[in-house]
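Here is the structure we will look at.
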Amino acid sequence: MKNFKLILGLLVVCTVVFSSCKEEKLGDSIFDTTPPVRNKFDQWLYDSITIPYNIQVFYKYEDIEASNQYNLIPADLGNSKKLIQIVKHTWYEAYDEIVGKDFLRAYVPRILQFIGSAAWNDDTNSYVAGTAEGGMKVTLYVVNWLQTTPAFLKDNYLHTMHHEFGHILNQKIAYDPAFKLISKADYIGGDWIYWNQQQSLAKGFITPYSMDKDGEDFVELYSTYINCTAAEWANLMQLAARTNVLYPDQVTRSNGQGRIKIEQKLTILRDYFQTRWNINLDQMREILNRRTNDVQTMSFNEFLD
Amino acid sequence: MATGFYSCSFQEKDIFDAPAAERLEQSIKDNLANFQSASNGWVMQYFAYPETAGFPLIIKFGTDNFATVMGRNSETGNVDLTKTGMYSVKTNEGTVLSFDTYNPVIHAFSDPDKNPLGYGYEGDFEFTIMSHTADMVRLKGKKRGINIYMNRLPEGQSWSSYFDAVYAFDAQTFKGAPNKLILIDGSKQIQVSGASGHILTVGEDMYGFVVKPNGIHLEKPIAGLSADALDFELSADKSKLVSTVSPNIYFTGDNIYNAFVSSQVSNAQWAIVLDDSQMGSTLQSLIATVRASLAATGRTLNQILFKIDAVNSAKPFAVGIMITGGAIGHYHYDVTNTANSVTYVSKGTCDNNGTVIKNNFAGTMDLINAFEATYTLASASDNGLSYKKIKVTSNSDSNFWFYIQKYN
């Protein structure tokens, strides 16, 4: 009985408390819920990039997305239209071709941002052509300089895209620790900027930037290999095999071991992509080079409204 | 229980008549409508960086998110350039106008690929909209914080004719004219330099300005004046540039005698207009003698200049005689001026070229000696701020008169 009174008392309290507040009906949203008006280009981006690949493309300058470390300007609209078709052909569809669409949809960064100018480094002797942030966003710079030659595309975009995508993949599945042992004593952090291409090759690194740390070495090797033609690769290996190349300290010289080290790393790289991601590097290289060459004769959609 | 009742009965008085999100949405719509309502566009008084010269840009905002921008400035090679790019009005630290795809006319002032590399002019292309009326919009650059104004361009005025008028006013008033102006604020008089470069130096401070068809617009108000004056217009009598907010604040030209003498100290040169219709009979006769003498050896008289003999270590005032080939003989003078006259007194010296010319060409010394006089000067320029052409008359010989104008 005592318990009954207690329950009854609580019910009264609850009733008073709840009934004291009048039920409010939710009105219309205070935010503008009108669907965005898309021009032809926006609609194509939505249908051909956002839906199939789960990627949002910022071709208009978005201050909060752009780095405040640099002075930057927006991308030219005409060049943005071309570049996204190039990216689709040489990056997204290259992976579609070799491992299917689901692969890229799962791993590709969700935002692709275009910037018109270069991101100039403080010394103004060099610029950043592309960056990737935490596997979420890729920013491509120098869009206003766009050319469709393979050399321009490789130097400014394709190398960066595949380099950054390589990071994402080996953050998902680590590569064999044996890789970092091959040049363990030769990683030098930021001092890589004092080395030129010939010196780094002779030291066993495919690019000077590879000397930063093993993670960069891994993806630099990946991106360089798949972006090279067979002839270009053979030429790099010839340079890597050179002896007597004077290093930046102006004292020590190469001993001809560069090629051997790079090829040891390539063996691990090749095995990693084949066994972990079912990507055959030589097939990937053939696809990429074919698609990069295609760009010169591509008929670009201008998306005129 | 009591808490339960209070929580529902308390009602805060509304300060705003709509939620923040609704007000921001409305702000975007209002600003877009205002931008797009100017069917002949807006004139933007653009400054890339504080304390630098500004540039007018004409912008028409389309309803399709594209803005057409026209400029005529050093970045366009001083010819009309019209380009289209996208724009948007959005919320981001207030309501922001952003030119968000590349337009070479406006982004020329932000492009880090221009000199100095990595920086360029460092100008804004995104602006917080501070206020607007039907005829004027005040923007603030997001990075530089410079107030940038847009004024509605009248219907029917062609964009090219706007720039023609700007260039004409600049040519009449600032380009090639002595730099110095006098800023008047009631009883206060302040010397101002730098007008020809469109950056006024007032004491230690610098104020960039944009040239308008009949006046100027300053980047910021000049400190210490009785009113915040940004815009100045040429007065009806063309003697001064008067503030649009106070008739007591205006720019006027320097005293003409000061302008003539001090400009030479600043390495300006003045050339006599060698046209018989532009000079009196006394000088016509003297020049004719020298010309005949030069012609006998196949030479011509190219210029007669009032200038400083910059090669001479004492840097004396000089009358320079330039003959065929560009050789100049410098004949030295002491020059003094008052508020009403300027006096040339020969020092009796000249440089080596001067000696050669006077020894070989008859009439040279008569000509040089004739310049020893006291003169009255009168502006023959388009307005009172500029002394680009001056009539010079000897006080002792009314037939000894001539015109001079700035030479390079």
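The values are calculated or read from the model by the stated rules, or taken from the named source; none is laboratory data. Just so we're clear, the structure is a prediction, and the values are computed from it rather than from any experiment. In this analysis, Cβ positions are derived from the backbone assuming ideal geometry, glycine residues included, and neighbour counts consider all displayed protein chains. The area values use the complete protein model at the heavy-atom level, side chains included, leaving out ligands, DNA and RNA. Shrake-Rupley method; radii C 1.70, N 1.55, O 1.52, S 1.80 Å.
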* Candidate set from region B:101-114 (those that are assigned to a loop (DSSP other than H, G, I, E, B) and either more than 10 Å from chain A (Cβ to nearest Cβ) or in contact (Cβ under 8 Å) with a residue 24 or more places away in the chain (or both)); member that is nearest to the chain's Cα centre (by Cα) -> B:109
* Tell me which residues, restricted to region B:239-258, are crowded, with 16+ Cβ neighbours inside 10 Å, small (Gly, Ala, Ser) and out of contact with any Gly (no Cβ under 7 Å at 6 or more places or on another chain). => B:243
* Asked: Would region A:155-163 turn up any residue that is touching a residue at least 24 places away in the same chain (Cβ under 8 Å), within 14 Å of chain B (Cβ to nearest Cβ) and not in a helix (DSSP H, G or I)?
  -> no
* To do: Can you work out which of the residues in region B:49-65 that are in contact (Cβ under 8 Å) with a residue 60 or more places away in the chain and not in a loop (DSSP other than H, G, I, E, B) is farthest from residue B:169 (Cα to Cα)?
  => B:59
* Structure fact -> The lone condition residue B:236 fails out of (1) within 25 Å of residue B:379 (Cβ to Cβ); (2) open to solvent by less than 60 Å² (accessible area, probe 1.4 Å); (3) assigned to a loop (DSSP other than H, G, I, E, B) is (2)
* **Matching residues in region B:366-390 - criterion: being open to solvent by 70 Å² or more (accessible area, probe 1.4 Å) and touching a helix residue (DSSP H, G or I) at 6+ places or on another chain (Cβ under 9 Å)** => B:366, B:382
* In region A:83-117, how many are within 13 Å of chain B (Cβ to nearest Cβ) and over 17 Å from the mean Cα position of the chain (by Cα)? -> 2
* Is region B:37-57 home to any residue that is at pLDDT 95 or above and touching a Ser or Thr at 6+ places or on another chain (Cβ under 6 Å)? -> no
* Just to be sure, is residue B:62 closer than 30 Å to residue B:163 by Cα, modelled with pLDDT of 95 or more and surrounded by 15 or more Cβ atoms within 10 Å (Cβ to Cβ)? -> no
* **Filter result (buried (at least 17 other Cβ atoms within 10 Å of the Cβ), more than 30 Å from residue B:257 (Cβ to Cβ) and touching an Asp or Glu at 6+ places or on another chain (Cβ under 8 Å)) within region B:151-185** => B:151, B:152, B:159, B:163
* Scan of region B:264-285 for residues that are part of a loop (DSSP other than H, G, I, E, B), at pLDDT below 95 and either open to solvent by 20 Å² or more (accessible area, probe 1.4 Å) or basic (Lys, Arg) (or both), ordered by number -> B:266, B:267
* Asked: Is it true that some residue in region B:79-92 is assigned to a loop (DSSP other than H, G, I, E, B), at pLDDT below 95 and either within 20 Å of residue A:73 (Cβ to Cβ) or assigned by TED's automatic domain parsing to the domain that holds residue B:210 (or both)?
  -> yes
* To do: Starting from residues that are modelled with pLDDT of 90 or more and open to solvent by 20 Å² or more (accessible area, probe 1.4 Å), keep the ones in region A:106-136 and report whichever is farthest from residue A:45 (Cα to Cα).
  => A:120
* To do: Consider residue B:336 carefully, then state whether it is within 22 Å of residue B:275 (Cβ to Cβ) and open to solvent by 40 Å² or more (accessible area, probe 1.4 Å).
  => no
* To do: Take residue A:75 and decide whether it is buried (at least 19 other Cβ atoms within 10 Å of the Cβ) and in contact with a Lys or Arg (Cβ under 7 Å, 6 or more places away or on another chain).
  => no
* Asked: List pairs: first in region B:86-98 and more than 11 Å from residue B:125 (Cβ to Cβ) and more than 9 Å from every other protein chain (Cβ to nearest Cβ), second part of a loop (DSSP other than H, G, I, E, B) and open to solvent by 10 Å² or more (accessible area, probe 1.4 Å), Cβ under 7 Å, 6+ apart or cross-chain?
  -> none
* Kindly establish whether residue B:397 is charged (D, E, K, R), open to solvent by 20 Å² or more (accessible area, probe 1.4 Å) and either under 19 Å from residue B:264 (Cα atoms) or assigned by TED's automatic domain parsing to the domain that holds residue B:284 (or both). => yes
